[in-house]
Structure formats: structure tokens, C-alpha cells
Amino acid sequence: MTESTNLSCRMGMEIPARLTTFMQAAGKIAAGRGQRLYLVGGVVRDLLLGQTNLDLDLVIEGNAIELAQNLAEMVCGKITIHTRFNTAKIQWDKWSVDLASARSESYAQPGALPSVRPNSIENDLFRRDFTINAMAVHLNPDYYGKLIDQYGGQGDLKHRLIRVLHEKSFIDDATRIWRGLRYEQRLGFRLEDTTLRLLERDIEMLDTISGDRIRYELECVLQEKQPERVLFRAEELGVLGKLSPALKGNGWLAAKFEQARQVSSPNPPPIGLYLALFFYRLTVEQSNPLLTFLRLPKSLAQVLRDTISLKDWLPRLDSPQVRPGYIYQVLKDYKPLAITANSLATDSATVRQNLGLFLDKLRYVKSVLTGNDLMRLGILPGPRLKEILRRLHEARLEGQVRSKREEEALVRDWLAS
Ligand code: ATP
């Protein structure tokens, strides 16, 4: 394809008519104001790859918020504005479109968030991570569908290469290292030679990135179809080691992620399950600083802590003779996701069976008699009543009683003896 590639046909094929009509109308409004409007980023890359992507990002050489307000009115949609970044999101029916003003960026120091200035589309594309993500499609009526590819994105797509736009790219923003590995593995591309050399040279720059931003990158990795490929590559290039030398992305992880997909099918596994398997082989001492650094949401951090501490209990569940009441006592305070992670990670079929018994059955078992019922049977409130409730629950777990009547009979037996 040449400089004058036109993607209007492909847009018609890959993007629903409601969205193309929207983009055409937006292009008309922009043109009426003497401004230029573009479709940019991942959706352009995916259009050229023949893949459907409905994450529409529009960039205007002008005021994005003003245009977004007009467009939201046009579709009777909801608008969310970020004045600080001069961006807006429009949502209507099941659709969502992001709008930004074309801008250039400069970095006061590596890893800092950039200062931004309004600018041309050319400079807006230059601030982007990789050539394959630095293309735009003109949306003004006179040029509708025209591809803007100043940095060789099409050529790199053809040669299946991930290439940065300039040699300071990873220094400015080292999260691009993680992004690069993600695209490389998702698309089955390879890091272009100079880009690979720059990545290896600048790997230390990952230390300039906050835990919040690294956590976001990890979440993105774990939303990929096969996150293990990215983690394996990250280990190979020393990127994982920057997070923690104890983290491994090797074949064990790939096998466990695959099993996680099987047990979660038809849906992808929750991120928490992937993370739990990823953290599984760490000790408490190795995981604690990581949990602090990544500032994971409380309940997710608890899943990871539970996953690691449960490992020590598994040998006690490694016998077919373990009683259901005991299994329940051991597992009742652990997060279910942590138990699932241990069940996938263990080599023992017996442990897996006992964990499965808890997850599928024991955790739902309840006795029917309440404290009030017991008081009616003549038991006074206090520790004894509590103990009887606990033993009733245990009797249910062990299958000794199956109905309210059997529970009552058992309590009467206890009282008589
Ligand atoms: P995906 O398919 O993973 O969603 P995407 O290309 O849409 O890919 P986003 O993270 O949504 O990725 O970002 C949108 C666009 O913004 C990218 O295509 C890229 O041009 C640009 N971008 C995002 N993050 C960065 C970054 N850290 N540095 C430079 N450009 C970035």
C-alpha cells in the first residue's frame, strides 16, 4: 500500500454502520469549523490487520471538549469530560467513543507524566509508543478514509515488527516496555532489532515507574488471551526480574494458566486467579514488598496472601481419609479464588479432590436449626449453645444428619447424655 491508502471500505466492513455514520457526521462538523478530525491508534492498526476493534479513539486539531458536546447532543448520549487532559468520552446505546485534542508531549524526567501542548496530528502521532500504533485515518468529508502513516506503521505491520518512534522512547516512558511485549506476543510479531537493543539498554528505567502504573500494565497483560506468553518473554528479557527476581514466567506457569482457562471456560479466568498462580511460588517475604508496591485492591491482595499461606496447609489435606469437618475447618477462612489457585497448582490429586470437595460442596453446607430453635429445646444462650451449633454444622458436613428432624433428634441425644 502507498501513502494514499484509503481505508473507507475496510471501515465499512469492520465497523458497525452506527459508528461509521457517527464518524462521518463528526468529520463534517469538524470540517465546518475548519478543523481536521482523525481516527487514531489501535483501531487503525487493527483495521489494517483486518481485525474488528470497536475502541474508537478520535483526535481533533482543535478543542475536543467542544466537539464532544456537539456530538453527544447529536446522538443524545452521555458525555464524560476530563478538563485537565482536554479529553471526553461519549456513550450512547451500547457504543462508546473517546475524543482528544491533538497534542505533543514533553517529559520533565523519565517516568513522569508528560506536560502536554496542543499541536498538529503529526506531532500527536510522534508521541505514541510504536509505529504500528502511530497511524491515523482522516475523517473530514474531503479526505474520509485517507491513511496518515508518517512513521512506517504499515511497513512494520507487513514485516510483523514492533518499533519505537525514537531512541528515547523507553526513557520517556518505560511502561512502553511492557506494552511492547504485549503487542509482540498478542500479534505474533517481534521487537525490531534496534528497539530490542534500546529496550535492553533502558530496562533500568522501569524503576522510574510508579506501582500504580506497573499494576495497570500487569492487568493489561493478564487480560490478553495468553498472558503467559508475555510473562515468559518478560522473564527472558529481564523485565520480570525488575519487578521481583523471584517471579518466574516459565513453562510451569503456562501449563497452569492453560488449566485455569479450562476450569473457567467459557469465560476467561478472573485476573485474580491468574495473579494468584503468578504469585504462587513466592514466599510471604518475597510477596509482601510486591503487594505494597503494586497497591493492589484489598480483596485481591488478600487472595494472593491466602494463596501463599494455604500452601503450607496442603500436606494435611493429602489423604483420602481427611474428614469433611476437618477440611472445612482448614479452608473456611480462605478466599475461594486462593483455594482454586492451590487446587490448580498442587501436584497431588488427593489434595485437589479435597479442595474441590470444599469449593463444590462443603462451603455451602448449613445446618437448619438456629440459636432460637436450640433455646426452645431448653439450651440457655452462651458458649454451650455456640458449641452445639458448631457440632451440628459438623454433623451436617459429615453427613450424619440430613434434615431438621434429624438435627433435632441429635441435639436431644446430646442433651440426654
Ligand atoms: P489495545 O488493543 O491493547 O487496546 P490500543 O492501541 O488501543 O491497544 P490503548 O492503551 O487503548 O491501546 O492506547 C491507545 C493509543 O494511545 C495507542 O494505540 C497508542 O497510540 C497510544 N498510547 C497508549 N499508551 C501509550 C504510551 N504509554 N506511550 C505512547 N503512546 C501510548
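The values are calculated or read from the model by the stated rules, or taken from the named source; none is laboratory data. Here the structure is a predicted model, which is why all the values come from computation and not from measurement. All Cβ positions, glycine included, derive from the backbone under ideal geometry; neighbour counts span all protein chains shown. Only protein heavy atoms, including side chains, enter the accessible area calculation; ligands, DNA and RNA are left aside. Shrake-Rupley method; radii C 1.70, N 1.55, O 1.52, S 1.80 Å.
Points worth noting:
- Pairs, first part of a loop (DSSP other than H, G, I, E, B) and more than 10 Å from the ligand (Cβ to nearest atom) in the range 52-65, second open to solvent by less than 20 Å² (accessible area, probe 1.4 Å) and β-branched (V, I, T), C-beta under 9 Å, six or more apart: T52/I15; L54/I15; L54/V43; E61/I121
- Residue in the range 214-229 that is buried (at least 20 other Cβ atoms within 10 Å of the Cβ), more than 16 Å from the ligand (Cβ to nearest atom) and more than 24 Å from Y107 (Cβ to Cβ) present: yes
- Every pair of residues 6+ apart whose Cβ atoms lie under 6 Å, when the first sits in the range 287-299 and is not assigned by TED's automatic domain parsing to the domain that holds R215 while the second is open to solvent by less than 80 Å² (accessible area, probe 1.4 Å) and aromatic (F, W, Y): S287/F279
- Listed by first and then second residue, the pairs linking a residue in the range 162-178 that is open to solvent by 20 Å² or more (accessible area, probe 1.4 Å) to a residue that is away from the ligand (no atom under 12 Å from the Cβ) and in a helix (DSSP H, G or I), with Cβ atoms under 7 Å apart and 6 or more places separating them unless they lie on different chains, are R163/D156; R163/T195; E167/L198; I171/M205.
- The combined condition, being of a type in the set (A, V, I, L, M, F, W, C) and within 16 Å of the ligand (Cβ to nearest atom), is not fulfilled by L71.
- The residues listed here are Y144, Y151, Y107; of these, the one that is more than 15 Å from the ligand (Cβ to nearest atom), open to solvent by 30 Å² or more (accessible area, probe 1.4 Å) and in contact with a helix residue (DSSP H, G or I) (Cβ under 7 Å, 6 or more places away or on another chain) is Y144.
- Residue within the range 244-265 that is in a helix (DSSP H, G or I), more than 19 Å from the chain's Cα centre (by Cα) and at pLDDT below 95 present: yes
- Residues located in the range 110-119, provided they are assigned to a loop (DSSP other than H, G, I, E, B) and either more than 12 Å from the ligand (Cβ to nearest atom) or over 20 Å from E167 (Cα atoms) (or both): P110, A112, N119
- Among the residues making up the range 154-167, a single one is out of contact with any strand residue (DSSP E or B) (no Cβ under 7 Å at 6 or more places or on another chain) and within 10 Å of the ligand (Cβ to nearest atom): L165.
- Residue that is nearest to the ligand (Cβ to nearest atom), among those in the range 7-28 that are touching a strand residue (DSSP E or B) at 6+ places or on another chain (Cβ under 7 Å) and closer than 24 Å to N119 by Cα: M23
- Failed criterion for V239 (all others in (1) closer than 28 Å to V116 by Cα; (2) within 16 Å of the ligand (Cβ to nearest atom); (3) aliphatic (A, V, I, L, M) hold): (1)
- Residue within the range 168-186 that is more than 13 Å from the ligand (Cβ to nearest atom), part of a loop (DSSP other than H, G, I, E, B) and of a type outside the set (A, V, I, L, M) present: no
- For the range 1-19, the set of residues classified as open to solvent by 20 Å² or more (accessible area, probe 1.4 Å) and either assigned to a loop (DSSP other than H, G, I, E, B) or of a type outside the set (G, A, S) (or both) consists of M1, T2, E3, S4, N6, C9, R10, M13, E14, P16, R18, listed by residue number.
- Any hit, the range 120-132, residues being open to solvent by 40 Å² or more (accessible area, probe 1.4 Å) and away from the ligand (no atom under 16 Å from the Cβ): no
- Residues located in the range 42-57, provided they are in contact with a Leu (Cβ under 9 Å, 6 or more places away or on another chain) and either closer than 14 Å to M135 by Cβ or surrounded by fewer than 17 Cβ atoms within 10 Å (Cβ to Cβ) (or both): V43, V44, R45, L47, L48, L49, N53, L54, D57
- For the range 316-326, a residue qualifies if it is in contact (Cβ under 8 Å) with a residue 60 or more places away in the chain and either open to solvent by less than 90 Å² (accessible area, probe 1.4 Å) or acidic (D, E) (or both), and the qualifying residues are P324, G325.
- Selection within the range 283-297: residues that are closer than 16 Å to K242 by Cα and of a type in the set (S, T, Y). The member of this set that is surrounded by the most Cβ atoms within 10 Å (Cβ to Cβ) is S287.
- Selection count, the range 93-104, where residues are within 13 Å of the ligand (Cβ to nearest atom) and in a loop (DSSP other than H, G, I, E, B): 1
- Test for L196: is it in a helix (DSSP H, G or I), aliphatic (A, V, I, L, M) and more than 15 Å from the ligand (Cβ to nearest atom): yes
- Subset tally (residues that are free of Cβ contacts under 8 Å to residues at least 24 places away in the same chain and either touching an Asp or Glu at 6+ places or on another chain (Cβ under 9 Å) or charged (D, E, K, R) (or both)) for the range 127-154: 0
- Answer residue from the range 29-51, given it is over 25 Å from the mean Cα position of the chain (by Cα) and in a loop (DSSP other than H, G, I, E, B) and is nearest to the ligand (Cβ to nearest atom) among those: R36
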